[in-house]
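Here's the structure we're looking at; comments come further down.
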Amino acid sequence: MSIQTELQETIDSLVRRGRGILAADESTPTITKRFQAVGIECTEASRRSYRELLLSTTGIGEFISGVILYEETLGQSASNGLRLAEIAQRQGIVPGIKVDKGTIDLANAPGDKITQGLDGLGERLKGYKEQGARFAKWREVYPITPANPTLLGITANAEVLARYAAICQSYGIVPIVEPEVLIDGDHTIERCEEVTEAAQNEVFAALKRHRVQLEAMLLKPSMVVAGKGHPPKASPDEVAKRTLRVLRRTVPAAVPSINFLSGGQTPEEATANLNAINTAHVNVPWLLSFSYARALQEPPMAIWKGKPENVAAAQEAFLHRARLNAAAQRGAYTPAMEKGSGAG
Ligand code: 5MM
């Protein structure tokens, strides 16, 4: 099969109305933090059991088209001996892989970050592909302060995202490009909008420079929201208006789908905001969907608590959250649908 056909098949499988992506690619330090917050011991075995719980949830393939895995998970097998990636595939869910190696300080740009992991990326992609991965994800972060992100931060992060995306496509792997404007801080929603527009403008300029095929990538942006230290929160209509304005100004129509991260919003907020985005738009060229980690996983993780007797209830809560976000993708969510969840 040609690389072009491979890329198109993966895009066709991922980009589907009423479906989104599960981000289950927390690195070991991040999942340790998330487990500790709800009293779960973080071991190789508990991480495997938890991710098996998510991927083996009956019916989850109706709402989730792809899953981003962490390297460890891609190599793990479930209790029945099947590889976790194969369990996903049997649910109709395309396995993907987080390929970045986290952030460090960006030299000469105090307060800004840059993501590592480009060295040897091609060789790693070959191995991940053999293990079943068909798409990849790379995240750059943009902290907001009065001085950040700097122009250097915006250009350097865009360049790295574009180099990653170009390498992925040359190996037949669909890249998810994730520029995350962080919610930390007390900045206004106006400042978030300004930074998001500048960051995304530069990302698409860099993608063009590196000849990335826009039809064969997905964008995973943050929504335009105020800093978490700047209450009250904006209404879903306000978030939708500003988020759509930035997207229209920055994202070419050739990109097939935009899958938002939840970025510290509560599960209910992330669903309501996605729904508002999908009800506010008129004739946008992209599918507008989700690629949530915390907003899909917080309820099931809190219910599971590492105990086998809680697996069924945790799966019910996960399925419920996925169903609500799938409804939000169609603009068909109402807060009344929150009732009757499996959340305990
Ligand atoms: C921003 O984080 C991504 C989306 O998650 P949320 O919906 O919770 O915001 C997520 O895919 C993230 O990139 C992974 O969890 C990996 O994070 P770390 O910090 O381990 O690299």
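The values are calculated or read from the model by the stated rules, or taken from the named source; none is laboratory data. All values derive from a computational prediction rather than experimental measurement. Counting neighbours? That spans all protein chains shown, and the Cβs are built from the backbone with ideal geometry, glycine included. The accessibility values were calculated without ligands, DNA or RNA, using every heavy atom of the protein model including side chains. Shrake-Rupley method; radii C 1.70, N 1.55, O 1.52, S 1.80 Å.
Descriptive notes on the structure:
- Cβ-Cβ under 6 Å pairs, at least 6 apart or on other chains, segment 295-306 side without any contact (Cβ under 8 Å) to a residue 60 or more places away in the chain, far side near the ligand (Cβ under 9 Å from one of its atoms) and part of a helix (DSSP H, G or I): A295/A270
- When residues of segment 57-86 are limited to those that are in a loop (DSSP other than H, G, I, E, B) and of a type in the set (V, I, T), the one nearest to the ligand (Cβ to nearest atom): T57
- Tally, over segment 1-35, of residues that are without any contact (Cβ under 8 Å) to a residue 12 or more places away in the chain, farther than 18 Å from L53 by Cα and either within 16 Å of the ligand (Cβ to nearest atom) or open to solvent by less than 50 Å² (accessible area, probe 1.4 Å) (or both): 3
- Any strands (runs of 3 or more DSSP E) falling wholly within segment 87-187 and containing at least 2 residues that are open to solvent by less than 50 Å² (accessible area, probe 1.4 Å): 94-98, 113-115, 135-142, 174-181
- For segment 218-259, the set of residues classified as over 20 Å from T188 (Cα atoms) and open to solvent by less than 50 Å² (accessible area, probe 1.4 Å) consists of L218, L219, K220, T250, V251, P252, A254, V255, P256, S257, I258, N259, listed by residue number.
- Screening I183 with (1) in contact (Cβ under 8 Å) with a residue 60 or more places away in the chain; (2) touching a Ser or Thr at 6+ places or on another chain (Cβ under 7 Å); (3) under 23 Å from V251 (Cβ atoms); (4) not small (G, A, S) gives one miss only, at (2).
- Matching residues, segment 287-344, being β-branched (V, I, T) and either modelled with pLDDT under 95 or not in a loop (DSSP other than H, G, I, E, B) (or both): I303, V311
- Residue pairs meeting the criteria (Cβ under 9 Å; at least 6 apart or on separate chains; first within 14 Å of the ligand (Cβ to nearest atom), in segment 98-115; second of a type in the set (K, R) and open to solvent by less than 30 Å² (accessible area, probe 1.4 Å)): K98/K137; V99/K137; D100/K137
- A Cβ distance below 9 Å, combined with a sequence gap of six or more or placement on separate chains, defines the contacts here; from segment 248-273, residues that are at positive phi reach residues that are outside any loop (DSSP other than H, G, I, E, B) and among the aliphatic types (A, V, I, L, M) in the pairs G263/V181; G263/A270; G263/A295.
- Matching entry among E269, E298, E309 (being open to solvent by 40 Å² or more (accessible area, probe 1.4 Å), farther than 16 Å from S222 by Cβ, within 16 Å of the ligand (Cβ to nearest atom) and not β-branched (V, I, T)): E298
- Scanning segment 150-164 for residues that are without any contact (Cβ under 8 Å) to a residue 60 or more places away in the chain and within 16 Å of the ligand (Cβ to nearest atom) yields N157, V160, L161.
- Of the residues making up segment 36-46, those that are open to solvent by 30 Å² or more (accessible area, probe 1.4 Å) and in a helix (DSSP H, G or I) are Q36, A37, E44, A45.
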